[in-house]
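Peer 1: Sharing a structure here in structure tokens format.
The values are calculated or read from the model by the stated rules, or taken from the named source; none is laboratory data. All values reported here derive from a predicted model rather than from experimental measurement. Note that we place each Cβ from the backbone using ideal geometry, even for glycine, and neighbour counts take in every protein chain shown.
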There are 2 protein chains.
Amino acid sequence: MLKRHLPILSWLPHYNRRLCSADLLAGVIVTVMVIPQSLAYAILAGLPAVVGLYASLLPMLVYALLGTSRTLAVGPVAIVALMTGAALANVASPGTPEYLEAALVLSLLSGLMLIAMGLLRMGFLANFLSHPVIGGFLSAAGLLIAVSQAGHLLGLEVEASGLFPRLAEIVSGLPHLNGPTLAIGSATLLFLVAMRLRGKQALRGLRLPPSLADLVTRTGPVLAVVVTTWLTWWLDLAAQGVAVVGDIPRGLPPLTLPGFELSLWQSLLVPALLISVVGFVESVSMGQMLAARRRERISPNQELVGLGGANLAAAFSAGMPVTGGLSRTVINFDAGARTPMAGIFAAAGIALVTLLFTPLLAHLPIATLAATITVSILTLVDVPMIRQTWRYSRSDFSAMAATIALTLVEGVEAGIIGGVALSIGLFLYRTSRPHSALVGRIPGTEHFRNVVRHDTETASHLALLRIDESLYFANARYLEDLVYDLVATRPELEQVVLICSAVNLIDASALESLDAINARLKDSGVTLHLAEVKGPVMDQLKRSDFLDAMTGRVFLSTYAAWRELAREPE
Amino acid sequence: MLKRHLPILSWLPHYNRRLCSADLLAGVIVTVMVIPQSLAYAILAGLPAVVGLYASLLPMLVYALLGTSRTLAVGPVAIVALMTGAALANVASPGTPEYLEAALVLSLLSGLMLIAMGLLRMGFLANFLSHPVIGGFLSAAGLLIAVSQAGHLLGLEVEASGLFPRLAEIVSGLPHLNGPTLAIGSATLLFLVAMRLRGKQALRGLRLPPSLADLVTRTGPVLAVVVTTWLTWWLDLAAQGVAVVGDIPRGLPPLTLPGFELSLWQSLLVPALLISVVGFVESVSMGQMLAARRRERISPNQELVGLGGANLAAAFSAGMPVTGGLSRTVINFDAGARTPMAGIFAAAGIALVTLLFTPLLAHLPIATLAATITVSILTLVDVPMIRQTWRYSRSDFSAMAATIALTLVEGVEAGIIGGVALSIGLFLYRTSRPHSALVGRIPGTEHFRNVVRHDTETASHLALLRIDESLYFANARYLEDLVYDLVATRPELEQVVLICSAVNLIDASALESLDAINARLKDSGVTLHLAEVKGPVMDQLKRSDFLDAMTGRVFLSTYAAWRELAREPE
């Protein structure tokens, strides 16, 4: 019981020196690797770069205590940072104390919601983000992030928000771009792309083992940060208009207390919910994937608690909303982390960095960070997935297309909400006109098949109607129409059997429709029967008066109904 | 084709004197009977009483041309009037020209929406109002209406809106009630209740035939109007504080043009949609019921056009939103109407009334009208239905209870929207944790049943898993968990067969989950098969790469899978 709520207890007692040395190495590597992205994502959210470091410190520690994934690394991630920036821009201006304050409130709300969802076992809510919606959203968000970074890469101050205003401002600002910034930005971009595409191959040429080659490839951003920082300091490029991170206060994150202002809480409620759910989905699917590789299991509901705790920690230590990040987790996994202790080591490492080395980051150009973001998020734009969805299902594709269009045009919140609403609507629409078939007997067998597709034996006074869907409010009226049409077009009909082999539920609306069908058929002298009603459905029907009122019987199988109702052919 | 869009063409050519005399009688009876309720519902909506007459005139005529029901009578009805009043109170004050204007805009919007829904064949939207939601809403609306009339019955001017403020104001106003008003109101109320409960019996005692007795019983409100109007005039009760209808301009309704003010249109958009859908559901279910009694059919999509036309007519003739009314339709049906010509006669009759007899209505006490409303709407409160729903399904009941509570506390719009959202949410929740069963072979047969409920033959290396639900985004992850748990708990497992006899759909999210399951099982050395995949589902799967990647096969039947995969027991 205690173990379930404090997963650290399940591995700490068995901790040994072998695990420790593996975790220590991973912790050191993660510390170095995540610095650039932590700074970058804070800037993406419109926050001071140091907030990204703070948000990688205490939250990582708390997740190590509460989370069930052995290798997940928690911190600021691209999508959540984008959503955070969009949410905060609605309530304050970047650079103001109110903006920082709102980031804390957002983390707090998100943390409380995640914990509540975890304790109430409501992880299933995440299922409503269908794959097409998530995929479409991530692709569109990738584009949005790329555009948001274009200004930094060109040395332009872009004020506009929204995709098209931003693009317009960038285009109209092109004549005023800053040369040195563009040089740093594009050089970093080219270097990082080359590392991604060719780095592994080149390193293998140097006879490095594959896993080490992988890891070295990932040091690209760190190298770029070191080199461009040094260059900027050496050439004093800041004086030539290259935007840099600037002075970062040295020391551990201050303890912060998110304020309670009702109107602020209200306006951040929906964004916090969306950030929580999207962050959770991203984190938990990655966690499951990695756990599976080592035959471990994670508990989605406890993951909610772990991520919620991490966000609370961010709220009280000058951070921003966090979740399990793809790239930092993969680095951790590849670096050989075995237990959450690796996260604790990494947190300690980042604490050391904030204590001692922040002055070194003052000359780090923003353009370098923008280039690292741009390269890492372009993998989010998943064109093959979009193509596959188009091929597989137009309905799923339309939900995806709507999500992409809404996200690009109306922003991240409208994109997610619209996509979810459309997926639900399309599902309900599909189930509201269920597939149904009149079936007949395959001669000489007990099998009954669609009369249209097979050569079957039928009787003109008997209709065997199979409904391939649960009966509920959205298709109750459709069922009525179906039966009435049947009766209206076949005057010789005396018996109707509804075959319920695919009916998993009959709700109160469908029950009323069955009642109405029964009464109407009775008036026309037609008897209504049911067949192959499933156990749970039958149990529920017994709690109503329908079975008493029904003119016919409930048959266990279609064959039993046939034997009873079909006259022997003469 | 023309007949489909102008249903009048399907009956007018065969019109004869016999039909005509039946319709004429019904038209006269309807004219007399609907006057009190038309006035009453206009007042319920906060509009001048005469608006109710206007709204029973042209709309009835237009519906006769466009509607498919032979006997439906269109005009102001209680629920729609209540919703109209609630919507208008948000944008204007009763008694102002803006209020009247908003009523026209509301009719216009509602008419346009209904016609659009009809032309786009979107009548299925009405299905999303499940029976529990509609039932709960009508019950709660009945209570709201009763409370809204209580002030009129007591002679109190109630200003507050909302159930509880209104009740509080009535209670605190009790010492100031108007004696003569209370006398008229309560006498009418008692008389009408007595007519309902005992009238039919008493009249049958006078040897009247039952159908005539029915009709005479329904004249109660007309009698009450005549008597109380005469009394009020004779005793000059208006001088003693009895509120009366007052002067009504004589003449046909004026031609009106609803204004176009963007902000007004925007704020009436949602109410207009809800009024349209609720009115349509009420009207079409009644129309279907009556059509069935005479073996006629109505077309829901053409009904939308007919009701939409009626609302447009109301918008251009100083009316208010209308729909097919229960009591006026039943009067029409019982009075022997055979074709929509009865409605045309009734419209002519009401035109005559507005031309000649409106001065007679000046002394009609509002309390009399309030009493007629109260008696007729109390039938909306459907306690047996609420009890049945509780017994049949807690889930449906909770949607109903939420609808009732929200309608009473937050108003009609919140009630409907909340109820619909909750029904959809509950349905999705139910389908997100589908029923599933491990099945085994009933020895010696080709039948496979739940191993828990039946004595079956199984094989330890083979799991036959039947999923009783379509696979889609809401349960895709659940399916993954189900299979992984199975594999984790049965190390000797080599073959998994998913039996898809109840799977009517596999969407893109579920496809990705199947892909993931396949890959994960492959890693564990377990083969994944499918069985009993339905035709349409199989067609769709063939458009993806899943079938190529799947480690196992697709079997036509569970038995075929068993024969192939189960080793013979030794």
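Peer 1: Which ones in the range B:355-373 are more than 18 Å from B:LEU47 (Cα to Cα) and among the β-branched types (Val, Ile, Thr)?
Peer 2: Passing the criteria: none in range.
Peer 1: Can you tell me which residues in the range B:528-570 are assigned to a helix (DSSP H, G or I) and small (Gly, Ala, Ser)?
Peer 2: To start, the set of residues in the range B:528-570 that are assigned to a helix (DSSP H, G or I) comprises B:535-541, B:546-549, B:558-565.
Across the range B:528-570, the qualifying residues are B:GLY535, B:ALA549, B:ALA560, B:ALA561.
Peer 1: Which condition does B:ALA502 not pass, out of (1) modelled with pLDDT under 90; (2) in a helix (DSSP H, G or I), if it passes all the others?
Peer 2: Evaluating B:ALA502 over (1) modelled with pLDDT under 90; (2) in a helix (DSSP H, G or I) leaves (2) as the failure.
Peer 1: Identify, by number, the condition in (1) surrounded by fewer than 16 Cβ atoms within 10 Å (Cβ to Cβ); (2) out of contact with any Leu (no Cβ under 9 Å at 6 or more places or on another chain) that B:LEU355 doesn't meet.
Peer 2: Checking B:LEU355 against (1) surrounded by fewer than 16 Cβ atoms within 10 Å (Cβ to Cβ); (2) out of contact with any Leu (no Cβ under 9 Å at 6 or more places or on another chain), the one that fails is (2).
Peer 1: Right, here's the next one. Looking at B:ALA103, B:ALA160 in this structure, which one is in the same structural domain as B:LEU326 (by TED's automatic domain parsing), more than 19 Å from the chain's Cα centre (by Cα), closer than 23 Å to B:LEU264 by Cβ and of a type outside the set (S, T, N, Q)? Full working, then the answer.
Peer 2: Values: B:ALA160 fails: closer than 23 Å to B:LEU264 by Cβ.
Answer to the check: B:ALA103.
Peer 1: Does B:ALA141 satisfy the condition of being assigned by TED's automatic domain parsing to the domain that holds B:THR372 and within 30 Å of B:SER398 (Cβ to Cβ)?
Peer 2: Details: assigned by TED's automatic domain parsing to the domain that holds B:THR372: no; within 30 Å of B:SER398 (Cβ to Cβ): yes.
When the stated conditions are applied, B:ALA141 does not pass them.
Peer 1: Which of the numbered conditions does B:SER470 fail, given that it passes all the others? Conditions: (1) among the hydroxyl-bearing types (Ser, Thr, Tyr); (2) in contact with a strand residue (DSSP E or B) (Cβ under 8 Å, 6 or more places away or on another chain); (3) closer than 30 Å to A:VAL281 by Cβ; (4) surrounded by fewer than 20 Cβ atoms within 10 Å (Cβ to Cβ).
Peer 2: Evaluating B:SER470 over (1) among the hydroxyl-bearing types (Ser, Thr, Tyr); (2) in contact with a strand residue (DSSP E or B) (Cβ under 8 Å, 6 or more places away or on another chain); (3) closer than 30 Å to A:VAL281 by Cβ; (4) surrounded by fewer than 20 Cβ atoms within 10 Å (Cβ to Cβ) leaves (4) as the failure.
Peer 1: Quick check, is B:ALA476 hydrophobic (A, V, I, L, M, F, W, C), facing chain A (nearest Cβ under 8 Å) and within 23 Å of A:ASN504 (Cβ to Cβ)?
Peer 2: Working: hydrophobic (A, V, I, L, M, F, W, C): yes; facing chain A (nearest Cβ under 8 Å): yes; within 23 Å of A:ASN504 (Cβ to Cβ): yes.
Judged against the criteria, B:ALA476 is a match.
Peer 1: Can you give me the number of residues within the range B:390-417 that are under 17 Å from the mean Cα position of the chain (by Cα) and crowded, with 22+ Cβ neighbours inside 10 Å?
Peer 2: Adding up the residues that qualify gives 10.
Every residue, every condition in (1) in contact with a strand residue (DSSP E or B) (Cβ under 7 Å, 6 or more places away or on another chain); (2) of a type in the set (Lys, Arg); (3) modelled with pLDDT under 85; (4) surrounded by fewer than 19 Cβ atoms within 10 Å (Cβ to Cβ), yes or no:
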position: B:ARG207; (1), (2), (3), (4): no, yes, yes, yes
position: B:THR229; (1), (2), (3), (4): no, no, no, no
position: B:LEU235; (1), (2), (3), (4): no, no, no, yes
position: B:GLY241; (1), (2), (3), (4): no, no, yes, yes
position: B:GLY259; (1), (2), (3), (4): no, no, yes, yes
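Peer 1: Looking at the range A:517-555, which of its residues are more than 11 Å from every other protein chain (Cβ to nearest Cβ), closer than 29 Å to A:PRO443 by Cα and of a type outside the set (Phe, Trp, Tyr)?
Peer 2: A:GLY525, A:VAL526, A:THR527, A:LEU528, A:HIS529, A:LEU530, A:ALA531, A:VAL533, A:THR551, A:GLY552, A:ARG553, A:VAL554
Peer 1: Moving on. Within the range B:114-161, restricting attention to residues that are β-branched (Val, Ile, Thr) and at pLDDT below 90, which residue is surrounded by the most Cβ atoms within 10 Å (Cβ to Cβ)? First the steps, then the outcome.
Peer 2: Of all residues in the range B:114-161, those β-branched (Val, Ile, Thr) come to B:115, B:133-134, B:145, B:147, B:158.
From what is left, the residues that are at pLDDT below 90 are B:133-134, B:145, B:147, B:158.
Values: B:VAL133: 30, B:ILE134: 24, B:ILE145: 25, B:VAL147: 18, B:VAL158: 19.
Restricting to residues being β-branched (Val, Ile, Thr) and at pLDDT below 90, the top hit is B:VAL133.
Peer 1: I need the full set of residues from the range A:105-138 which are over 23 Å from A:ASP396 (Cα atoms), in a helix (DSSP H, G or I) and not hydrophobic (A, V, I, L, M, F, W, C), in order please.
Peer 2: Hits for the range A:105-138 are A:SER107, A:SER110, A:GLY111, A:GLY118.
Peer 1: If you don't mind, there's one more thing I want to ask. Among the numbered conditions (1) closer than 23 Å to A:GLY220 by Cβ; (2) within 14 Å of chain B (Cβ to nearest Cβ), tell me where A:PHE397 comes up short.
Peer 2: Result: A:PHE397 passes all but (1).
Peer 1: What are the pairs, 6+ residues apart or on separate chains, where a residue within the range B:46-63 that is under 14 Å from B:ALA315 (Cα atoms) and at pLDDT below 95 has its Cβ under 6 Å from a residue that is part of a loop (DSSP other than H, G, I, E, B) and among the polar types (S, T, N, Q)?
Peer 2: What qualifies is B:TYR54/B:SER317; B:LEU58/B:SER317.
Peer 1: What residue, of B:LEU486, B:LEU511, is farther than 20 Å from B:PHE448 by Cα and in a helix (DSSP H, G or I)?
Peer 2: On the way: B:LEU486 fails: farther than 20 Å from B:PHE448 by Cα.
Going through B:LEU486, B:LEU511 in turn, just one is farther than 20 Å from B:PHE448 by Cα and in a helix (DSSP H, G or I): B:LEU511.
Peer 1: Any residue at all in the range B:490-505 that is facing chain A (nearest Cβ under 9 Å), of a type outside the set (A, V, I, L, M), buried (at least 22 other Cβ atoms within 10 Å of the Cβ) and under 29 Å from A:ALA437 (Cβ atoms)?
Peer 2: Our first condition is that a residue be facing chain A (nearest Cβ under 9 Å); within the range B:490-505, this holds for B:501-505.
Now restrict to residues that are of a type outside the set (A, V, I, L, M): B:501, B:504.
Filter again for buried (at least 22 other Cβ atoms within 10 Å of the Cβ), leaving B:504.
Remaining after also requiring under 29 Å from A:ALA437 (Cβ atoms): B:504.
Yes, the range B:490-505 contains at least one residue that is facing chain A (nearest Cβ under 9 Å), of a type outside the set (A, V, I, L, M), buried (at least 22 other Cβ atoms within 10 Å of the Cβ) and under 29 Å from A:ALA437 (Cβ atoms).
Peer 1: Does B:ILE416 fit the bill of being closer than 15 Å to B:GLY142 by Cβ and within 14 Å of chain A (Cβ to nearest Cβ)?
Peer 2: Criteria met by B:ILE416.
Peer 1: Right, here's the next one. Which residue is farthest from B:LEU88 (Cα to Cα), if the candidates are limited to the range B:375-396 and must be assigned to a helix (DSSP H, G or I) and touching a Gly at 6+ places or on another chain (Cβ under 9 Å)? Spell out the reasoning first.
Peer 2: Here is the first cut: in the range B:375-396, the residues assigned to a helix (DSSP H, G or I) are B:375-380, B:383-392, B:394-396.
Right, trim to touching a Gly at 6+ places or on another chain (Cβ under 9 Å) and you get B:375, B:377-380, B:385-386, B:389.
Working: B:VAL375: 25, B:ILE377: 21, B:LEU378: 24, B:THR379: 26, B:LEU380: 23, B:MET385: 31, B:ILE386: 30, B:THR389: 33 Å.
Among those that are assigned to a helix (DSSP H, G or I) and touching a Gly at 6+ places or on another chain (Cβ under 9 Å), it is B:THR389.
Peer 1: Can you tell me which residues in the range B:236-251 are touching a residue at least 24 places away in the same chain (Cβ under 8 Å) and part of a helix (DSSP H, G or I)? Spell out how you get there, then give the answer.
Peer 2: If we filter the range B:236-251 for residues that are touching a residue at least 24 places away in the same chain (Cβ under 8 Å), which is where we start, we get B:237-238, B:240-251.
Result: B:LEU237, B:ALA238, B:GLN240.
Peer 1: Any chance the range B:88-95 includes a residue that's without any contact (Cβ under 8 Å) to a residue 12 or more places away in the chain, part of a helix (DSSP H, G or I) and over 20 Å from the mean Cα position of the chain (by Cα)?
Peer 2: no
Peer 1: Can I ask one more? Just to be sure before I move on: is B:LEU514 in contact (Cβ under 8 Å) with a residue 40 or more places away in the chain and under 41 Å from the mean Cα position of the chain (by Cα) in the structure I sent?
Peer 2: Taking the combined requirement at face value, the residue satisfies it.
Peer 1: For residues that are in contact with a helix residue (DSSP H, G or I) (Cβ under 6 Å, 6 or more places away or on another chain) and either of a type in the set (Phe, Trp, Tyr) or within 26 Å of A:GLN388 (Cβ to Cβ) (or both), tally how many sit in the range B:479-498.
Peer 2: 4
Peer 1: Then there is this: On the given criteria, is B:ILE404 in a helix (DSSP H, G or I) and modelled with pLDDT under 90? Walk me through it before giving the result.
Peer 2: Details: in a helix (DSSP H, G or I): yes; modelled with pLDDT under 90: no.
No; evaluated as a whole, the condition is false for this residue.
Peer 1: One residue is enough: does the range B:280-294 have a residue meeting the conditions in a helix (DSSP H, G or I), aromatic (Phe, Trp, Tyr) and either surrounded by fewer than 19 Cβ atoms within 10 Å (Cβ to Cβ) or modelled with pLDDT of 90 or more (or both)? So that I can check it myself, show each step before the final result.
Peer 2: We begin by selecting, within the range B:280-294, every residue in a helix (DSSP H, G or I); these are B:280-293.
Next cut, aromatic (Phe, Trp, Tyr) only: B:280.
Within this subset, residues satisfying the condition of being either surrounded by fewer than 19 Cβ atoms within 10 Å (Cβ to Cβ) or modelled with pLDDT of 90 or more (or both) are B:280.
Yes, the range B:280-294 has at least one match.
Peer 1: What about B:LEU257, is it under 31 Å from the mean Cα position of the chain (by Cα), among the aliphatic types (A, V, I, L, M) and farther than 30 Å from B:MET195 by Cβ? Walk me through it before giving the result.
Peer 2: Values: under 31 Å from the mean Cα position of the chain (by Cα): yes; among the aliphatic types (A, V, I, L, M): yes; farther than 30 Å from B:MET195 by Cβ: yes.
Answer is yes for this residue.
Peer 1: If I filter the range B:252-268 for residues that are among the aliphatic types (A, V, I, L, M), in contact (Cβ under 8 Å) with a residue 24 or more places away in the chain, assigned to a loop (DSSP other than H, G, I, E, B) and more than 21 Å from B:VAL322 (Cα to Cα), do I get at least one hit? Outline the logic, then answer.
Peer 2: We begin by selecting, within the range B:252-268, every residue among the aliphatic types (A, V, I, L, M); these are B:252, B:255, B:257, B:262, B:264, B:268.
Subset that is in contact (Cβ under 8 Å) with a residue 24 or more places away in the chain: B:252, B:255, B:257, B:264, B:268.
From what is left, the residues that are assigned to a loop (DSSP other than H, G, I, E, B) are B:252, B:255, B:257.
Next cut, more than 21 Å from B:VAL322 (Cα to Cα) only: none.
Taking every residue of the range B:252-268 in turn, none turns out to be among the aliphatic types (A, V, I, L, M), in contact (Cβ under 8 Å) with a residue 24 or more places away in the chain, assigned to a loop (DSSP other than H, G, I, E, B) and more than 21 Å from B:VAL322 (Cα to Cα).
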